[in-house]
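Asker: Got a structure here, written out as structure tokens. Questions coming.
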Amino acid sequence: MTLELRNIVKKVGGETHLYQTDLSFEAGGFNILLGATNSGKTTLIKLIAGLERPSAGKIMMNGTDITRVSPQRRNVSLVHQFFVNYPHMSVWENIASPLRVAGMSKRQIDRRVGEAAEILRLSPYLGRKPAELSGGQQQRTALARAIVKDSALVLLDEPLANLDYKLREELREQLPRLFADRGAIVVYATSEPLEALMLGGHTAALHQGRITQFGATPEVYRQPTDLTTAEVFSDPPINAVEVEKSGDTVVLGAQARWPVAGVLESVPDGRYLMGVRPHFVSPAPREGMVEVTGTVQITELSGSESTAHFDLDGQSWVAQSAGMHPYEVGEEHRFFIDTSGCLYFGADGRRLVA
């Protein structure tokens, strides 16, 4: 089963919401749309679902043009960030509704609804109406309805955003398994890089209505083709600064220098952009790391990690490390950069490759 977007463009009035886009999705894994708010994720979801039509281009399903096919005839399940349930129906009836429409037997419906309710921890609430549920329980009901329906397309638009932390973590692990053997194409929109990494599959990075890169999720994360993709796939934000290659040395402002290695060995001397994700910047030194000193501006502490935003020669940096670290806002603090995690880009923002 395949889904192809061929030269898709979406304009509203004089504004372009989605620039020319070509994508190909297959069953057998999650297809992630990763990007910030207004990057084009929801627009793509609506186009695939048939809720909106493209201004140009075609949407192909198994080689058949479905661009003008109605949503009802696309055999699609859609779950939004903001749950939608039938208020006059019980939870059981909400989950069972697509199976009833399909003419499935009562026995089959009971089995499927029971399985979905067990997975999403809804079994005690099957007799309740949506108004009697919490927001998280209502969203789980909407997810259960998508799970029980044998749809060719399953579209999930930030479906876990309104759930509590613990349930969100559990579902991130369970969702790929839930859809693994169903033969459906699953498209999942999220603004969280960590969620994309946990779900795996393939990821399309979006920025301001453009696909900047599409490929296996680990590859897009580790080998972004440009700085924009690296920024999309980094939370907290990637540290992006200018460095200079001079002979066999990399120079970072007046504070740090280290030996040239890797891709920089094959490029001429000059100025380049360097990106380093916050978890490669630490307050604790390790062998081979480069020391810098910055002024702490903001600190974020949790039970498992510490994040510090600091000023380094007039530029804002972010460091993130495991454990609790005693930062003080306004203090000068030593930080250490693991240069093995640095990505290098040309002046045009394209990643340098050997």
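Asker: Helix 165-179 sits at what angle to the longest principal axis of the chain, using alpha carbons and giving 0 to 90 degrees rounded to 10?
Answerer: 70 degrees
Asker: Return the FRET efficiency for the residue pair A216, A354: r is the Cβ-Cβ distance, R0 is 22 Å, and the value is rounded to the nearest 0.05.
Answerer: Approximately 0.65, to the nearest 0.05.
Asker: Now a separate question. Enter the accessible area per residue of segment 30-146 (Å², integer; probe 1.4 Å; all protein chains in place).
Answerer: I get 50 Å² per residue for this part.
Asker: Rounded to the nearest whole Å², what accessible area per residue is found for segment 212-354 with the 1.4 Å probe?
Answerer: I get 49 Å² per residue for this part.
Asker: What distance in nm separates the two pseudo spin-label positions at S316 and E115, each 7 Å out from Cα along the beta-carbon direction?
Answerer: In this crude spin-label approximation the distance works out to 4.8 nm.
Asker: If you line up the long axis of helix 135-148 against the longest principal axis of the chain, both from Cα atoms, how many degrees apart are they, to the nearest 10?
Answerer: Helix 135-148 sits roughly 70 degrees off the main axis of the chain.
Asker: To the nearest 500 deg cm²/dmol, what mean residue ellipticity at 222 nm is calculated for the chain from DSSP H runs of n ≥ 4 alone, each contributing -39,500 (n - 2.57), summed and divided by the residues?
Answerer: -7000 deg cm²/dmol
Asker: Additional query: Run the quick spin-label model on M324 and S304: label points 7 Å from Cα toward the beta carbon, then report their separation in nm to one decimal.
Answerer: Label-label distance for M324 and S304, simple model: 1.7 nm.
Asker: If you keep only loop residues by DSSP, which trypsin sites (Lys or Arg not before Pro) in segment 245-343 have at most 11 other Cβ atoms within 10 Å of their Cβ?
Answerer: For trypsin sites (Lys or Arg not before Pro) across segment 245-343 that sit outside H, G, I, E and B with at most 11 neighbouring Cβ atoms in 10 Å, the list reads R286.
Asker: On the protein heavy atoms, probe 1.4 angstrom, tell me the percent of accessible surface of segment 269-312 carried by carbon and sulfur.
Answerer: Heavy-atom surface of segment 269-312 belonging to carbon and sulfur, 1.4 Å probe: 48 percent.
Asker: Measure nothing but the geometry: give the 0 to 90° angle between the long axis through the Cα atoms of 106-119 and the longest principal axis through the Cα atoms of the chain, rounded to 10°.
Answerer: Computed tilt is about 20 degrees.
Asker: What percent do you get for the relative contact order of the chain when only Cα pairs under 8 Å and 6+ apart count?
Answerer: Answer for the chain is 16 percent.
Asker: Where does segment 171-222 land on Rg(C-alpha)/(2.2 N^0.38 Å)?
Answerer: Dividing the Cα Rg of segment 171-222 by 2.2 N^0.38 Å gives 1.17.
Asker: Measure off 7 Å from each Cα along the Cα-to-Cβ vector at Y165 and T249, then give the distance between these two points in nanometres to one decimal.
Answerer: Inter-label distance under the simple model: 4.5 nm.
Asker: Past the 32 Å Cα-Cα mark, which pairs from K10/K149; K11/K245; K41/K106?
Answerer: Long pairs (Cα-Cα over 32 Å): K11/K245; K41/K106.
Asker: Also: Please find, in a Gaussian network model of the chain (springs between Cα atoms separated by less than 10 Å), the residue of I48, I298, I119 whose mean-square fluctuation is greatest.
Answerer: Taking springs between Cα atoms under 10 Å, the residue moving most is I298.
Asker: What ³J(HN,Hα) values, in whole Hz, does the Karplus curve 6.51 cos²θ - 1.76 cosθ + 1.60 give for segment 194-209 when θ = phi - 60°, with x put for Gly and Pro?
Answerer: Residue by residue, segment 194-209 yields 4, 5, 4, 5, 5, 7, x, x, 10, 10, 9, 8, 10, 8, 6, x Hz.
Asker: Mind telling me which of G201, G253, G14 comes out most flexible in a GNM of the chain, alpha-carbon contacts under 10 Å?
Answerer: Taking springs between Cα atoms under 10 Å, the residue moving most is G14.
Asker: If you don't mind, there's one more thing I want to ask. For the chain, build the charge dipole from Cβ charges (+1 Lys, Arg; -1 Asp, Glu) around the Cα centre, then report which of H88, Y19, V243 sits farthest towards its positive end.
Answerer: Result: H88, furthest along the dipole toward the positive end.
Asker: Hey, another quick one. Can you pull the percent of segment 76-219's accessible area that's carbon plus sulfur, 1.4 Å probe, other chains left in place?
Answerer: Ligands and nucleic acids excluded, carbon and sulfur reach 50 percent.
The values are calculated or read from the model by the stated rules, or taken from the named source; none is laboratory data. Please read all numbers here as calculations on a predicted model, not as lab measurements. Cβ coordinates were reconstructed from backbone atoms using ideal geometry, including for glycine residues, and neighbour counts include every protein chain displayed. For accessibility, only protein heavy atoms count, side chains too; no ligands or nucleic acids. Shrake-Rupley method; radii C 1.70, N 1.55, O 1.52, S 1.80 Å.
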